[in-house]
Amino acid sequence: MAKELKLMKGNQAIAEAAIRCGCDGYFGYPITPQSEVLEHLMAERPYLKTGMVVLQAESELASINMVYAGASTGKRVMTSSSSPGFSLMQEGLSYIAGAELPALCVNVVRGGPGLGTIQPSQSDYFQTTKGGGHGDYRLITLAPSSVQEMYDFVELGFDLAFKYRNPVAILSDGVIGQVMEKVMIDDYKPRWTNEYIEEHCPWAATGHRAGKKSTIVTSLELDSLKQEGVNKRIQEKYRKCEEEDARYEAIQCDDAEFIFVAYGSAARICMKAVELARAEGIKVGLVRPITLWPFPKKAVAEIGGRMKKILCVEMSAGQMIEDVKLAVECKVPVTHYGRFGGVIPTPVEIFDALKNMIK
Amino acid sequence: MTREDIIKPENLVYRRTPVLTDNVMHYCPGCGHGVVHRIIAEVIEEMGIQDNVVGISPVGCSVLAYNYFDVDFVEAAHGRAPACASAIKRLRPDTYVFSYQGDGDLASIGCAEVMHACNRGENITMIFINNGIYGMTGGQMAPTTLEGMETVTCPYGRDPELMGHTMRLTEVLAQLPGTYYVTRQAVYTPVLARKCKKAIRQAFENQKLHKGVSFVEITSNCNSGWKMTPVQANKWMEENTLKYFPLGDMKVDGKFAPNFMERVSTFDQPNETRFSLRSK
Ligand SMILES: Cc1ncc(C[n+]2csc(CCOP(=O)(O)OP(=O)(O)O)c2C)c(N)n1
Ligand code: SF4
Ligand SMILES: [Mg+2]
């Protein structure tokens, strides 16, 4: 059995991908609209299949700190939550970035602020891409726009997390988490053995140092000059990541006069709006950032620079639009269309917004 | 005896354990943290598990514990050491895992994590240094600060009506089915330090049994925070702290120690005793 086609929810795809890509541990706490991740894992009992550890923690604080410690031992560990829970994890994410550890954290966003709503939203863009926790760090952020990408980005997320030894976020939303779609799933990949980790992750505190010097995992450095050095090293990684790992998709942009810039489920809806507009002879395309950090600045600048106008569509009051404007250096007018608080825009209203912008 | 005789191995009476590094400890002279570090290091050496252990340091005066132990260490966020220890033990069950926390770290900000790690019966060793105060941040009130005791955030003495009561969390943890061994020790005299070492040894040995948490509270001093000399602080602790936090086992081999429930059954009585750090 190499590949298999299955119908599943985005949240289940996250869980299934974790089991199949060799994830060592998942620690999570229930919250709508992402509880199916933990539910699927508990139902599948991966500890019997691959030896993967699954634990319902007492809170998101505990989950993220379990992830921090698990990552400290060189294991591929992850958690998932939705907005209020993700807010609780910020201190832990900052520790993971500060201690330079690889970890994966999924946020299936719901509308805020506060307890907000359980309906889908994209209002955690600032929190995820601009920091969220304290200190100068970045979360490498992947934005899936289909259930297949929910599946694929788990392994990709771990790969990027280990490449940069930095936390990676999958920034999804209640639409992609709950919708059911066909997904191509892989065969089970074996988890890394302890011996492999001990050999390949010299930074990991495995408790098995075999006579070698002991390993300390910490984000504390009281000497500010040394702390500045740590920061400089981390920033260098971020420059490399911006150079090598900014991802995007450009749809029907070659002949376009206008583009939508949208990610995640908003991008899916914009694809329909592109069809509607093109049927009426309006040449519009779509640029879909796949990594929100690093933001695909060059692509947005290059493609956006050729356009008459840009419409940034988000399920928020306007967050990614700031990065779009920075990318095109305000040389092209950028307008925002957003629904928020859990409201999902329709293709027709996006098309109307486009017509409004053009006239 | 000549110098040559003295250095013969068979005449060795005391040696610093190699599980402690040569780094100079930052602890105030007379502080209990350093003594407990040495005891843990000796236990690790004696059990021969130096290459097979991960320690978790807290946020508190012992945040830099990893500089003093020559074993693998992970520095946890404030209060989260039990969550860290749980994850590491589950991901590496072939490793001895211990957490080391102060009373602010464990009983205040980390109350949920310690309760749940104990309730899940994680197969780990927990060391709890209760000095009744936040040492590291300059002597603020902790949940364990005694009623009447002065700190910089209760300068007129802890008033239970305003600030809540002194928390005996260890007695609560002993009642959770996930704890297997729960004890309160001290290290301010050689005899007590030796007893404490036996307890810590037991708490590490228990990890072989997979029966749940082994929890050792060490009632300790903070001479800097209490604004006393080390000798005064130890005397004060003996005369005051130990009245409210009596030493001894609470749970052994998963069973309550004799008198434990009897003592707990008096907890509904109002606490009339007021303690003061100031000499009257
Ligand atoms: C989230 C967070 N809140 C507050 C602090 C500040 N802080 C550092 S140590 C500490 C108290 C530690 O007291 P305790 O656990 O009793 O340890 P001791 O120093 O007495 O050994 C506090 C409040 C912090 N580092 N992180
Ligand atoms: S401040 Fe208190 S707890 Fe901290 S090292 Fe000094 S005496 Fe020990
Ligand atoms: Mg303290």
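The values are calculated or read from the model by the stated rules, or taken from the named source; none is laboratory data. This structure is a prediction, so every number in the text was calculated from the model and none was measured. We place every Cβ from the backbone using ideal geometry, glycine too, and count neighbours over all the protein chains shown.
From (1) more than 18 Å from the chain's Cα centre (by Cα); (2) assigned to a helix (DSSP H, G or I), pick out the condition that doesn't hold for B:Met149.
Among (1) more than 18 Å from the chain's Cα centre (by Cα); (2) assigned to a helix (DSSP H, G or I), the lone unmet condition for B:Met149 is (2).
Yes or no: A:Gly51 of a type in the set (Gly, Ala, Ser) and farther than 27 Å from A:Thr129 by Cα? Outline the logic, then answer.
On the way: of a type in the set (Gly, Ala, Ser): yes; farther than 27 Å from A:Thr129 by Cα: yes.
When the stated conditions are applied, A:Gly51 passes them.
Residue under question is A:Val343, and the condition is that it be surrounded by 23 or more Cβ atoms within 10 Å (Cβ to Cβ) and either farther than 30 Å from A:Gln235 by Cβ or assigned by TED's automatic domain parsing to the domain that holds A:Val108 (or both); does it hold?
Here the answer is no, as A:Val343 does not meet what is asked.
Residues that are on the phi > 0 side of the Ramachandran plot and crowded, with 18+ Cβ neighbours inside 10 Å: does region A:154-165 have at least one? Write out each step before concluding.
Step one: of region A:154-165, the residues on the phi > 0 side of the Ramachandran plot are A:165.
With crowded, with 18+ Cβ neighbours inside 10 Å added as a condition, the list becomes A:165.
Yes: one or more hits.
Within region A:74-90, how many residues turn out to be within 11 Å of chain B (Cβ to nearest Cβ), under 15 Å from A:Glu58 (Cα atoms) and either more than 15 Å from the chain's Cα centre (by Cα) or charged (D, E, K, R) (or both)?
Of the residues in region A:74-90, 0 are within 11 Å of chain B (Cβ to nearest Cβ), under 15 Å from A:Glu58 (Cα atoms) and either more than 15 Å from the chain's Cα centre (by Cα) or charged (D, E, K, R) (or both).
Only one of (1) more than 22 Å from A:Lys213 (Cβ to Cβ); (2) within 16 Å of ligand 1 (Cβ to nearest atom) is not met by B:Ser86, so which one is it?
Single failed check for B:Ser86: (2).
Given the options B:Gly79, B:Gly121, B:Gly104, name the one that is at the interface with another protein chain (Cβ under 10 Å from one of its Cβ atoms), among the small types (Gly, Ala, Ser) and in contact with a Gly (Cβ under 8 Å, 6 or more places away or on another chain). I'd like the intermediate steps shown before the answer.
On the way: B:Gly121 fails: at the interface with another protein chain (Cβ under 10 Å from one of its Cβ atoms); B:Gly104 fails: at the interface with another protein chain (Cβ under 10 Å from one of its Cβ atoms).
None of the others qualify; the one that does is B:Gly79.
Do we have B:Arg92 as at the interface with another protein chain (Cβ under 9 Å from one of its Cβ atoms) and more than 16 Å from ligand 3 (Cβ to nearest atom) here? Step through it out loud before you land on a result.
Numbers: at the interface with another protein chain (Cβ under 9 Å from one of its Cβ atoms): yes; more than 16 Å from ligand 3 (Cβ to nearest atom): yes.
Here the answer is yes, as B:Arg92 does meet what is asked.
I'm trying to understand the selection: among the residues of region B:110-155, which are aliphatic (A, V, I, L, M) and within 9 Å of ligand 3 (Cβ to nearest atom)? Walk me through it before giving the result.
Quick first cut of region B:110-155, residues aliphatic (A, V, I, L, M) only: B:112, B:114-115, B:117, B:124, B:126-127, B:129, B:133, B:136, B:141-142, B:146, B:149, B:152.
Within region B:110-155, B:Ile129, B:Ile133, B:Met136, B:Ala142 meet the criteria.
Which condition does A:Ser172 not pass, out of (1) over 30 Å from B:Pro18 (Cβ atoms); (2) part of a loop (DSSP other than H, G, I, E, B); (3) not hydrophobic (A, V, I, L, M, F, W, C), if it passes all the others?
Unmet for A:Ser172, out of (1) over 30 Å from B:Pro18 (Cβ atoms); (2) part of a loop (DSSP other than H, G, I, E, B); (3) not hydrophobic (A, V, I, L, M, F, W, C): (2).
Anything in region A:181-229 that is within 14 Å of another protein chain (Cβ to nearest Cβ), among the aliphatic types (A, V, I, L, M) and either part of a strand (DSSP E or B) or surrounded by 14 or more Cβ atoms within 10 Å (Cβ to Cβ) (or both)? List them, or say none.
If the condition is that a residue be within 14 Å of another protein chain (Cβ to nearest Cβ), among the aliphatic types (A, V, I, L, M) and either part of a strand (DSSP E or B) or surrounded by 14 or more Cβ atoms within 10 Å (Cβ to Cβ) (or both), then A:Ile197, A:Ala204, A:Ala205, A:Ile216, A:Val217, A:Leu220 are the ones that fit.
Scan region A:91-126 for residues that are in a loop (DSSP other than H, G, I, E, B), hydroxyl-bearing (Ser, Thr, Tyr) and under 16 Å from the mean Cα position of the chain (by Cα) and jot them down. Walk me through it before giving the result.
First, pick out the residues of region A:91-126 that are in a loop (DSSP other than H, G, I, E, B): A:99-102, A:111-119, A:121-124.
If we keep only those that are hydroxyl-bearing (Ser, Thr, Tyr) too, we end up with A:117, A:121, A:123.
Answer for region A:91-126, where residues must be in a loop (DSSP other than H, G, I, E, B), hydroxyl-bearing (Ser, Thr, Tyr) and under 16 Å from the mean Cα position of the chain (by Cα): A:Ser121, A:Ser123.
B:Gly60 is checked against (1) out of contact with any His (no Cβ under 9 Å at 6 or more places or on another chain); (2) within 11 Å of ligand 1 (Cβ to nearest atom) and fails just one. What number does that condition carry?
Here B:Gly60 meets the rest and fails (1).
Kindly establish whether A:Tyr95 is more than 10 Å from chain B (Cβ to nearest Cβ) and out of contact with any Pro (no Cβ under 6 Å at 6 or more places or on another chain).
Numbers: more than 10 Å from chain B (Cβ to nearest Cβ): no; out of contact with any Pro (no Cβ under 6 Å at 6 or more places or on another chain): yes.
Considered against the rule, which asks whether it is more than 10 Å from chain B (Cβ to nearest Cβ) and out of contact with any Pro (no Cβ under 6 Å at 6 or more places or on another chain), A:Tyr95 comes out as no.
Name the single residue that is surrounded by the fewest Cβ atoms within 10 Å (Cβ to Cβ) among those in region B:250-280 being out of contact with any helix residue (DSSP H, G or I) (no Cβ under 8 Å at 6 or more places or on another chain) and part of a strand (DSSP E or B).
Among residues in region B:250-280 that are out of contact with any helix residue (DSSP H, G or I) (no Cβ under 8 Å at 6 or more places or on another chain) and part of a strand (DSSP E or B), the one surrounded by the fewest Cβ atoms within 10 Å (Cβ to Cβ) is B:Lys255.
Out of curiosity, is B:Asn234 in a helix (DSSP H, G or I) and within 16 Å of the chain's Cα centre (by Cα)?
Details: in a helix (DSSP H, G or I): yes; within 16 Å of the chain's Cα centre (by Cα): yes.
Here the answer is yes, as B:Asn234 does meet what is asked.
Could you tell me whether region A:127-140 includes any residue that is under 20 Å from A:Tyr29 (Cβ atoms), modelled with pLDDT of 95 or more and surrounded by fewer than 23 Cβ atoms within 10 Å (Cβ to Cβ)?
Start the filter on region A:127-140 by keeping residues that are under 20 Å from A:Tyr29 (Cβ atoms), which leaves A:127-128, A:132-133, A:139.
Next cut, modelled with pLDDT of 95 or more only: A:127-128, A:133, A:139.
Pick out the ones that are also surrounded by fewer than 23 Cβ atoms within 10 Å (Cβ to Cβ) and you get A:127, A:133.
Scanning region A:127-140, I find at least one residue that is under 20 Å from A:Tyr29 (Cβ atoms), modelled with pLDDT of 95 or more and surrounded by fewer than 23 Cβ atoms within 10 Å (Cβ to Cβ), so the answer is yes.
Only residues that are among the hydrophobic types (A, V, I, L, M, F, W, C) and within 14 Å of chain B (Cβ to nearest Cβ): list them for region A:19-40, please. It would help to see each step written out before you state the result.
First pass over region A:19-40, keeping only residues among the hydrophobic types (A, V, I, L, M, F, W, C): A:19, A:21, A:23, A:27, A:31, A:37-38.
Answer for region A:19-40, where residues must be among the hydrophobic types (A, V, I, L, M, F, W, C) and within 14 Å of chain B (Cβ to nearest Cβ): A:Cys23, A:Phe27.
From the list B:Thr229, B:Thr170, B:Thr153, which one is out of contact with any helix residue (DSSP H, G or I) (no Cβ under 8 Å at 6 or more places or on another chain), within 16 Å of ligand 2 (Cβ to nearest atom), of a type outside the set (A, V, I, L, M) and away from chain A (no Cβ under 14 Å)? Quick ask: steps written out before the conclusion?
On the way: B:Thr229 fails: out of contact with any helix residue (DSSP H, G or I) (no Cβ under 8 Å at 6 or more places or on another chain); B:Thr170 fails: within 16 Å of ligand 2 (Cβ to nearest atom).
Just one listed residue meets the conditions, B:Thr153.
Look through region B:104-126, keep the residues that are farther than 11 Å from B:Gly60 by Cβ and charged (D, E, K, R), and return whichever of them is nearest to ligand 1 (Cβ to nearest atom). Before you say what the answer is, go through the steps one by one.
Going through region B:104-126, the residues farther than 11 Å from B:Gly60 by Cβ turn out to be B:107, B:111-126.
Among the residues that remain, those that are also charged (D, E, K, R) are: B:113, B:120, B:122.
On the way: B:Glu113: 13, B:Arg120: 22, B:Glu122: 20 Å.
Only one residue tops the list, namely B:Glu113.
When you go through (1) within 14 Å of another protein chain (Cβ to nearest Cβ); (2) of a type in the set (A, V, I, L, M); (3) in a strand (DSSP E or B) one by one for B:Ile127, which number turns out not to apply?
(1)
If I filter region B:68-75 for residues that are more than 7 Å from chain A (Cβ to nearest Cβ), among the hydroxyl-bearing types (Ser, Thr, Tyr) and touching a Phe, Trp or Tyr at 6+ places or on another chain (Cβ under 8 Å), do I get at least one hit? Spell out the reasoning first.
Within region B:68-75, the first condition is being more than 7 Å from chain A (Cβ to nearest Cβ), and the residues that meet it are B:68-69.
Cutting the leftovers down to among the hydroxyl-bearing types (Ser, Thr, Tyr) gives us B:68.
Next, from what is left, pick out any that are touching a Phe, Trp or Tyr at 6+ places or on another chain (Cβ under 8 Å): none.
Within region B:68-75 (the criterion being more than 7 Å from chain A (Cβ to nearest Cβ), among the hydroxyl-bearing types (Ser, Thr, Tyr) and touching a Phe, Trp or Tyr at 6+ places or on another chain (Cβ under 8 Å)), the answer is no, since none of the residues qualifies.
Take the residues in region B:204-249 that are aliphatic (A, V, I, L, M) and under 24 Å from B:Glu42 (Cα atoms), then tell me which one is farthest from ligand 1 (Cβ to nearest atom). Spell out how you get there, then give the answer.
Taking region B:204-249 and keeping what is aliphatic (A, V, I, L, M), we get B:209, B:213, B:216, B:218, B:228, B:231, B:233, B:237, B:242, B:247.
From the residues that got through so far, the ones that are under 24 Å from B:Glu42 (Cα atoms) too are B:209, B:213, B:216, B:218, B:247.
On the way: B:Leu209: 29, B:Val213: 19, B:Val216: 15, B:Ile218: 11, B:Leu247: 19 Å.
Checked region B:204-249; the qualifying residue farthest from ligand 1 (Cβ to nearest atom) is B:Leu209.
Does region B:96-103 include one or more residues that are part of a loop (DSSP other than H, G, I, E, B) and either touching a Pro at 6+ places or on another chain (Cβ under 9 Å) or more than 13 Å from ligand 1 (Cβ to nearest atom) (or both)? Working first, answer last.
Applying the first criterion (part of a loop (DSSP other than H, G, I, E, B)) to region B:96-103 yields none.
No: zero hits.
Out of the residues in region B:131-150 that are away from ligand 2 (no atom under 12 Å from the Cβ) and among the polar types (S, T, N, Q), which is nearest to B:Ile109 (Cα to Cα)?
B:Thr144
Give the residue that is surrounded by the most Cβ atoms within 10 Å (Cβ to Cβ), with candidates limited to residues of region B:101-136 that are of a type outside the set (A, V, I, L, M, F, W, C) and farther than 26 Å from B:Cys154 by Cβ.
First, pick out the residues of region B:101-136 that are of a type outside the set (A, V, I, L, M, F, W, C): B:101-105, B:108, B:110, B:113, B:116, B:119-123, B:125, B:130-132, B:134-135.
Keeping just the survivors that are farther than 26 Å from B:Cys154 by Cβ gives B:116, B:119-123, B:125.
Details: B:His116: 19, B:Asn119: 16, B:Arg120: 20, B:Gly121: 17, B:Glu122: 24, B:Asn123: 23, B:Thr125: 28.
The residue in question is B:Thr125.
Spot the failing condition for B:Ala107; the list is (1) within 13 Å of ligand 3 (Cβ to nearest atom); (2) in contact with a His (Cβ under 9 Å, 6 or more places away or on another chain), and only one is missed.
(2)
Inside region A:1-90, counting only helices (runs of 4 or more DSSP H) that do not spill past its ends, which hold 1 or more residues that are crowded, with 23+ Cβ neighbours inside 10 Å and touching an Asp or Glu at 6+ places or on another chain (Cβ under 7 Å)?
Numbers: elements: A:10-20, A:36-44, A:46-49, A:60-72, A:83-88.
The qualifying helices (runs of 4 or more DSSP H) are A:10-20, A:60-72, A:83-88.
Which one of the conditions (1) outside any strand (DSSP E or B); (2) hydrophobic (A, V, I, L, M, F, W, C); (3) away from ligand 2 (no atom under 16 Å from the Cβ) does B:Val59 fail to meet, given that it meets all the rest?
(3)
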